[in-house]
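One structure below.
Coordinate-derived values only; no laboratory data. What you are looking at is a predicted structure, and each value in this text was computed from that prediction instead of being measured. As a convention, Cβ positions derive from the backbone with ideal geometry for all residues, glycine included, and neighbour counts pool all protein chains shown.
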C-alpha cells in the first residue's frame with residue numbers, strides 16, 4: 001500500500017517541477033508533424049490545368065463517404081485537365097471526414113493531397129462542405145485559369161503524366177517507376193481565402209450532393 005502511494009505521489013511531485021508546455025494558441029502555433037493530415041487541396045499543373053481527372057477513386061476509397069465527385073468530359077475548345085475527363089463538381093464534407101488519408105493514397109495523378117491546415121471551424125453545418133472552388137490550389141505564377149484550348153496546350157509542348165495526354169489521352173507513355181509530379185509542396189500551399197465560408201453564389205454549391 002505504502003509503495004503504491006509513494007509511486008503515485010512521486011509521479012505527481014515530479015510533474016509539478018517540469019517546465020510548462022502550454023502554447024499560447026492562437027497567437028503561437030506549434031509545428032505539426034511532417035506527415036500531418038490537414039485539410040485537402042486539389043493541385044494544379046504549372047500551366048494552370050487541374051490535376052484531377054474526375055476518376056472518382058478518392059470517393060470510392062473514402063471509408064466515411066465524405067467525398068463527392070461528378071466527372072465530365074473535356075472538350076477541345078474547353079479543357080480543364082490533361083486527361084479525357086475533369087471534376088465538374090468536387091465536394092468534401094468535413095463533418096464526415098476522418099482525415100485518414102486513404103483518398104490521397106487512391107489518387108492516381110497526385111491531384112488530391114493534404115495540407116498542414118487544421119483550423120476548421122464554422123457556425124453552420126453547411127459551411128463544413130467545401131466545394132471545388134475552396135479546395136483548388138492557387139494558380140501558379142503566370143498561369144491562366146482553365147478552361148484552355150487544345151491548341152494553347154499543344155503550343156506549350158508540355159508533358160503531363162510522363163506523356164502528351166493533353167492532346168491524345170489514349171496514346172501516352174507510362175513510366176512505372178516515375179515519381180508523381182508536383183507543383184510546390186502541398187503541405188505548405190497557401191490556400192485560397194483562408195476561411196471556411198462556401199461561395200454561395202457558386203452554381204455548384206446550391207443543390208449539390210450534400211443538400
> In whole Å, how far is the Cα centre of the range 75-133 from that of the range 1-69?
Replying inline: 19 Å
> What is the fewest-to-most order of 153, 92, 98, 67 by other Cβ atoms lying within 10 Å of their Cβ?
Replying inline: 98, 153, 67, 92
